[in-house]
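Here's the structure, in structure tokens; my notes come after.
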Amino acid sequence: MTKKQLFKCLIIVIIITGIISIFTLFTIYTSEINRSLTNVEGAWASLFIILFRIAILSGMTFYVFQKWFKQEAQYLSDLPSLFGFFFLFLIFGKFLDMLFYLTYFTLEDDEVLLLLKVHFFIAILTLFPMIYLSLGMILYYFSLKNKYKKLNNEKYRNKVRMTIIVIITLTEIIAIILAPNTVIVGILLPCFVLPSLLTIAWLFAFAHKNKALPQVNPLILTFTFIAYLISQIMRPLFQNIFDPALYIIVSEIIDLIIFAFIFLGFYLKPHYKTD
């Protein structure tokens, strides 16, 4: 089996596993979903806007992976690969968002907590490719300084990157498993997600300044991830201003626009030229 075939199999396995898991969850909560669609105002509108966003994300994912497999050689660290898995895991996250929105008013607190924890794990997977990319750039930045000459060795740099990623991931997983209630989970989520988004925005700003990552448009991605960071900060405010259905629609439309620009940043090339 070639490397390309192996990666295709990996993607297929992830997709099939995700579909089975999502289908199982929706089957378990079928009665609660039906109750929400029948009794909760705006539930159908929320459902359609999320499905529309999932459809758009699916198209983005297909395009990015197709671009990856058109390369002469494939590596998991390739930009199309990282963006592809970022979009792919985000699709599963949106399905969980849909399930959460459609069951929130009908579930017991323990069940809501379980769904929130599952959603947190998906969020970790979603941000993982971008964090991997960010850490690589940060360590490269430090390797340029005389104080950190040891980082000039690429193998050592990759070892440090994987060590940091493992520590961050294990810390997040342990924290979310031990979280006793939805309030703590609600505090933990922004504590982990917001610094990650800030780091990603810094990565693309650094790449633009140093004319790096010519395969994408770092300037667009910098502003887009900053916008995504701001949107996550503003979500609690939107939740207090709008009724639940309108809050979902407004939040999803804003995120849809942001991710359209993330895709645009991946699609368009920067104006600068590299040697």
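Do the conditions hold for SER134, that is, is it in contact with a Ser or Thr (Cβ under 6 Å, 6 or more places away or on another chain) and either buried (at least 19 other Cβ atoms within 10 Å of the Cβ) or part of a helix (DSSP H, G or I) (or both)? So SER134 fits the description; yes.
Annotation note: of LEU102, LEU113, LEU96, the sole residue that is over 24 Å from ALA45 (Cα atoms), part of a helix (DSSP H, G or I) and of a type in the set (A, V, I, L, M) is LEU113.
Evaluation of LEU268 against the conditions (1) farther than 22 Å from PHE121 by Cβ; (2) aliphatic (A, V, I, L, M); (3) buried (at least 16 other Cβ atoms within 10 Å of the Cβ) shows that the sole unmet condition is (3). Checking CYS191 against (1) part of a loop (DSSP other than H, G, I, E, B); (2) free of Cβ contacts under 8 Å to residues at least 12 places away in the same chain: exactly one of these is not met. Which one? All conditions are met except number (1).
In the range 211-224 there is at least one residue that is out of contact with any Leu (no Cβ under 6 Å at 6 or more places or on another chain), in a helix (DSSP H, G or I), without any contact (Cβ under 8 Å) to a residue 40 or more places away in the chain and not aliphatic (A, V, I, L, M).
Report whether or not ILE253 is part of a helix (DSSP H, G or I), aliphatic (A, V, I, L, M), touching a residue at least 12 places away in the same chain (Cβ under 8 Å) and surrounded by fewer than 17 Cβ atoms within 10 Å (Cβ to Cβ).
Details: part of a helix (DSSP H, G or I): yes; aliphatic (A, V, I, L, M): yes; touching a residue at least 12 places away in the same chain (Cβ under 8 Å): yes; surrounded by fewer than 17 Cβ atoms within 10 Å (Cβ to Cβ): yes.
Answer is yes for this residue.
Each row is one residue, and each column tells you yes or no for (1) of a type in the set (A, V, I, L, M, F, W, C); (2) modelled with pLDDT under 80.
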site	(1), (2)
ASN146	no, yes
LEU178	yes, no
PRO214	no, no
PHE223	yes, no
TYR228	no, no
GLN232	no, no
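Can you confirm whether SER196 is in contact with an Asp or Glu (Cβ under 8 Å, 6 or more places away or on another chain) and hydroxyl-bearing (Ser, Thr, Tyr)?
On the way: in contact with an Asp or Glu (Cβ under 8 Å, 6 or more places away or on another chain): no; hydroxyl-bearing (Ser, Thr, Tyr): yes.
The answer is no for SER196.
Taken over the range 195-211, the residue count meeting the criterion of being within 24 Å of PHE87 (Cα to Cα) and surrounded by fewer than 17 Cβ atoms within 10 Å (Cβ to Cβ) is 2.
The values are calculated or read from the model by the stated rules, or taken from the named source; none is laboratory data. For clarity, every value in this text was computed on a predicted model and none was experimentally measured. Cβ: placed from backbone, ideal geometry, glycine included. Neighbour counts: every protein chain shown.
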